[in-house]
Amino acid sequence: GSYGLAALAAVAGVAVFGALLERLFISRVYKQEFLMQLLMCYGWVLVLDDAVKLIFGAEFQSMGMPPTFAVAPVFVAGTPVPPFYMFLIGTAFAVALCVWLLIEKTAYGKKVRAAAVNPAMTGALGVNTTLLQVSVFALGAALAGMAGGLAAPVRSLVPGMGLSILIESFIVTVIGGMGSIWGALVASILIGLTRAFGSYAFPLFTEGLVFVLMAIVLILRPEGLFGKGEPR
């Protein structure tokens with residue numbers, strides 16, 4: 001009966017599930033090629049989608065707008081904008097800022113960055129890299145749960161609704177640059193603008209425009225807009 005509590009439950013529940021998934025499955029392929037980790041995660045996507053179909057059915061469902069946001073739109077520069085969309089935009093920027101501060105300005109973030117570059121040396125210096133890996137995976141899962149909770153009122157709910165997000169996440173990483181939080185934010189905004197304006201100018205080629213944007217970035221700056229190139 002409460003959208004806020006449901007969204008918080010999604011964050012906490014998916015975080016716990018992510019931590020268990022990392023310990024029981026993902027941690028077993030850390031020493032193998034990175035592709036194995038991607039395949040493991042993608043395999044679980046398919047398993048969970050089918051589990052949702054078995055439990056809740058495969059039909060489309062709609063959550064509807066929470067009563068708090070079921071009000072008249074706000075006019076911005078003469079354009080009506082639903083209040084919930086303004087809430088989504090504000091939340092996205094707030095989350096990006098918090099994650100950036102966590103990774104760049106805290107001792108925890110320094111440990112995460114160190115372990116990402118050289119986990120063996122980080123562990124030798126006394127850092128519990130196992131706990132670090134679990135916490136990072138749980139944090140990523142929590143953000144995914146938050147994204148699902150925020151998207152639920154404005155999207156059709158159906159098994160497999162997250163598959164398109166996987167592709168867009170890959171494109172965001174390529175355009176923004178691996179390891180850059182601000183790069184991911186800027187790339188997300190660029191993709192959103194490309195889709196929005198492309199749907200008017202090229203309605204039959206909107207998806208293609210996104211990949212064209214990615215191709216241009218790869219040609220001009222292979223490491224991404226905010227990524228760091230390999231040392232020479």
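Laid out as a table, the results:
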| item | result |
| --- | --- |
| Qualifying residue in segment 214-227 (condition: modelled with pLDDT of 85 or more, in a loop (DSSP other than H, G, I, E, B), in contact with a helix residue (DSSP H, G or I) (Cβ under 7 Å, 6 or more places away or on another chain) and open to solvent by 30 Å² or more (accessible area, probe 1.4 Å)) | yes |
| All positions within segment 163-191 that are modelled with pLDDT of 85 or more, among the small types (Gly, Ala, Ser) and either more than 27 Å from Leu46 (Cβ to Cβ) or touching a Ser or Thr at 6+ places or on another chain (Cβ under 9 Å) (or both) | Gly176, Gly177, Gly183, Ala184, Ala187 |
| Per-region count, segment 151-173, residues in contact with a helix residue (DSSP H, G or I) (Cβ under 6 Å, 6 or more places away or on another chain) and of a type in the set (A, V, I, L, M, F, W, C) | 2 |
| Unmet requirement for Leu193, which otherwise passes all of (1) open to solvent by 60 Å² or more (accessible area, probe 1.4 Å); (2) in contact with a helix residue (DSSP H, G or I) (Cβ under 9 Å, 6 or more places away or on another chain) | (2) |
| Among residues of segment 1-45, those that are aromatic (Phe, Trp, Tyr), assigned to a helix (DSSP H, G or I) and at pLDDT below 90, counted | 2 |
| Test result for Ile55, of a type in the set (Val, Ile, Thr) and surrounded by 13 or more Cβ atoms within 10 Å (Cβ to Cβ) | no |
| Residue check for Ser135: under 27 Å from Leu20 (Cα atoms) and not aliphatic (A, V, I, L, M) | yes |
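The values are calculated or read from the model by the stated rules, or taken from the named source; none is laboratory data. On a predicted model such as this, the values are computed, not experimentally measured, just so you know. All Cβ positions, even for glycine, are placed from backbone atoms using ideal geometry, and neighbour counts span all protein chains on display. Just the protein is used for accessible areas: all its heavy atoms, side chains included, with ligands, DNA and RNA removed. Shrake-Rupley method; radii C 1.70, N 1.55, O 1.52, S 1.80 Å.
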